[in-house]
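Asker: The structure under discussion is supplied below as structure tokens; questions concerning it will follow.
Just so you know, all these numbers are worked out from the coordinates, no wet-lab data involved. Quick caveat: nothing in here was measured; it's all calculated off a predicted structure. Ideal geometry is used to build each Cβ from the backbone, glycine not excepted, and the neighbour counts take in all protein chains shown.
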């Protein structure tokens with residue numbers, strides 16, 4: 001049993017893993033995401049996050065959509081940010097109301113952009129972003 005444990009431990013290079021995760025942590029802290037047009041967001045981290053939600057949900061289809069409607073995706077990220085800020089201001093004491101307001105206002109916009117199923121997935125990501133940050137400013 002001790003030999004098996006030693007053999008398993010030898011398979012891991014902890015220093016390399018630490019360095020890799022340390023570099024990843026730095027990238028996350030700096031919001032340095034490959035292929036993200038950071039200059040377009042002018043420091044608006046929430047709009048960047050909403051743009052990232054498109055990228056996350058659409059996966060491989062994002063590249064095609066970005067080529068066709070890149071500026072529109074950026075504009076939609078800013079629109080999502082405005083809708084979320086308004087919903088937070090109007091429903092600051094009711095977190096469920098924030099989420100409902102955001103879903104109600106954004107579903108028609110996102111449906112026309114990415115279709116119903118993907119729009120729902122994007123909204124789920126937007127709600128997670130709200131839960132993790134915007135409502136707790």
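Asker: When the Cα centres of the stretch 38-55 and the stretch 71-93 are compared, how far apart do they sit, in Å?
Answerer: 12 Å
Asker: Another one. Length gain on complete extension for the stretch residue 71 to residue 27, per 0.36 nm per residue less the alpha carbon to alpha carbon distance?
Answerer: This chain segment gains 13.4 nm when fully extended.
Asker: As an exercise, find the ratio Rg/Rh for the stretch 53-133 from alpha-carbon atoms, using the Kirkwood inverse-distance average for Rh.
Answerer: Rg/Rh: 0.98.
Asker: What's the FRET efficiency of residue 42 with residue 113 using the Cβ-Cβ distance as r and R₀ = 30 Å, to the nearest 0.05?
Answerer: 0.85
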